[in-house]
Amino acid sequence: MSLPAIIDLTQYYVSLLRPIFAGRKYIYVAEIDAIAVRAESEMAALGVEDMLFLVGNKGTSTYSIPPDLRIYSLNTTGVNMVKAAQRFEQAITDLPNEVEIQIDDWDRKRTARWITPAMLREFEIISGRKKYGRRKPSWVAFEDKTTIDSFWKSLGVNYPSSQVINLRDPNIKRVNNSLDKGEGTVWSADNRDGNHGGTIGVRRVTSEADFISVQKELKKMANKVRISSFTEGIPLSIHGINFEDKTIAFRPIELITLRYRDSCEFLWGGCSSTFDPPLKDREYMQELAYTTGRALNREVGYLGPFSIDGILSESGFVPTELNCRLSGGFSTLTNGLTNFPLAPLCWTVMENEKLDYQARKLGTALLDWADSNRFCGGRVITNKSFDTVNQLLLTRDGSEFREVRDKETPTATLTYGPSPMGGIVFFQSLIDEDQQNQPTAPEVVRAIRFADATIDTDFGPLECATPTHN
């Protein structure tokens with residue numbers, strides 16, 4: 001039996017990238033320390049001379065971090081994903097003197113570059129060292145949800161009805177009511193205080209009380225909002241990579257976006273790949289990625305990874321945002337592909353290194369891998385703090401999860417531990433016949449109910465999207 005094409009290609013890309021990275025020192029910047037083990041292995045395969053890690057805080061992983069890794073934790077925290085990211089980004093641009101001294105002692109020739117898989121904010125220098133894999137300001141600007149609809153309009157793409165308005169505009173209530181088609185509206189904050197993700201700057205308004213509270217709350221982080229008609233359907237994303245002469249696109253990824261019953265907020269639950277939309281919608285999403293990639297290259301010279309988030313509605317897929325970076329869904333696409341240097345490959349593309357990328361082969365091989373290696377699971381941030389990493393083995397008992405008994409075979413795991421926001425809960429399930437081609441969000445809701453009952457998290461009743469499209 002032959003190996004998957006991407007396995008055969010892995011050594012090709014390792015050899016292709018080695019001349020770029022070999023013999024150099026790199027400062028690897030990441031919000032949690034748990035990423036260090038894989039990053040060190042990945043970069044060692046590319047022949048780097050040495051690595052130093054700057055991290056925000058402890059993370060959760062089922063493997064231990066080797067004591068010989070050079071890791072400096074800045075102990076940053078935040079009440080949510082965006083606040084934690086912002087505090088970490090502030091900390092790495094104003095490092096403590098003792099950390100600066102350690103970096104200078106480690107890199108006396110000051111030739112090291114710094115790298116990161118992804119950050120919301122973009123800046124060039126850390127501790128006097130330049131970033132490798134830089135994003136131009138014109139690339140980052142596409143992440144503003146209050147301006148992206150004009151881009152979709154220029155491409156002739158259908159998107160939810162919307163209007164951008166200042167939060168202090170006296171006409172805002174009239175605008176909100178005009179866009180409410182019976183299921184409420186969705187408000188998305190601008191990027192006044194920086195890029196945001198994980199649904200942090202997004203709210204659903206369905207009542208007068210919602211309107212008042214959301215307007216007051218979003219004023220704390222934004223000047224303007226995009227008010228859109230609420231669109232029911234499965235949240236999905238399509239990912240691509242822009243090369244100089246070609247755009248490649250992958251398969252749809254489910255964005256697990258849960259709804260509180262008693263709040264205007266959404267709960268970000270991570271990414272999954274069990275769900276298969278109808279073929280015509282998959283092909284439409286892929287074509288949208290090709291069209292978007294070409295337009296990004298034409299308009300701002302964009303090179304590198306990107307993702308288009310949106311909703312698979314009754315009338316098909318409609319985009320709601322665009323992220324020009326290595327967003328979280330790429331790790332779902334490469335589930336189980338432990339040795340492939342995707343992030344370093346994307347950095348070289350962003351830097352416009354003139355290499356033989358074999359983009360067509362790469363696109364086909366990664367797509368085949370993603371279709372054949374699905375991931376069923378999710379993750380949620382909790383304000384409840386955990387000091388250690390723990391894992392529970394689960395099985396389904398009717399419509400709910402419970403811990404396995406005696407010699408029962410587990411069908412799912414619940415792993416929980418520390419995060420810069422307090423705690424994090426990871427859920428992963430085997431893909432049985434009932435789960436094939438189905439959304440993962442209902443399974444994540446079941447797992448959260450189990451977590452509330454068993455480890456004292458306090459998420460409360462949650463709902464997920466209703467499929468509307470066949």
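Here, each number is a calculation from the coordinates, and none is a lab measurement. A quick note: this is a predicted structure, and the numbers were derived from the prediction, not measured. Cβ placement follows ideal geometry from the backbone for every residue including glycine, while neighbour counts extend to all protein chains displayed.
Starting from the eigenvalues of the Cα gyration tensor, five times each then square-rooted, give me the equivalent ellipsoid semi-axes of the range 59-151, largest first, whole Å.
Working: eigenvalues 153, 72, 34 Å².
Over the Cα atoms of the range 59-151, the ellipsoid semi-axes are 28, 19, 13 Å.
State the label only: which of (1) 27.5, 87; (2) 22.0, 67; (3) 27.4, 90 corresponds to Rg and Dmax of the Cα atoms in Å computed from the shown model?
Given (1) 27.5, 87; (2) 22.0, 67; (3) 27.4, 90, the calculated one carries the label (2).
Which pairs in the list Lys153/Lys280; Lys145/Lys219; Lys83/Lys384 are over 19 Å apart, alpha-carbon to alpha-carbon? Can you show the working numbers first?
Numbers: Lys153/Lys280 22 Å; Lys145/Lys219 16 Å; Lys83/Lys384 16 Å.
Violating the 19 Å limit, Cα to Cα: Lys153/Lys280.
Could you tell me the center-to-center distance, by alpha carbons, between the range 219-258 and the range 388-432 in angstrom?
Centre-to-centre (Cα) distance: 28 Å.
For the range 5-132, report the translational diffusion coefficient in µm²/s to the nearest whole number, using Stokes-Einstein at 4 °C, 1.567 mPa s, and a Kirkwood Rh over Cα pairs. Walk me through the numbers on the way to the answer.
Details: Rh = 15.5 Å.
The estimated diffusion coefficient comes to 84 µm²/s.
Give me the log10 of I(q) over I(0) for the range 153-262 at q = 0.22 Å⁻¹, as the Debye formula computes it from C-alpha points; what are the numbers?
At q = 0.22 Å⁻¹ the computed log10 ratios are -1.32.
Among Leu312, Pro442, Leu362, pick out the residue whose Cα is farthest towards the positive end of the charge dipole of the chain, where Lys and Arg carry +1 and Asp and Glu carry -1 on C-beta, about the Cα centre.
Projecting each Cα onto the dipole axis, the largest value belongs to Leu362.
Once phi is turned into θ = phi - 60°, what whole-Hz ³J(HN,Hα) does the Karplus curve with 6.51, -1.76 and 1.60 give for every residue of the range 166-178, x standing for Gly and Pro?
5, 5, 9, 5, x, 8, 5, 5, 5, 4, 4, 5, 5
Grab the DSSP H runs of the chain that are 4 residues or longer, score each as -39,500 (n - 2.57), total them, divide by all residues and round the 222 nm result to the nearest 500 deg cm²/dmol.
My calculation for the chain gives -9000 deg cm²/dmol from helical runs alone.
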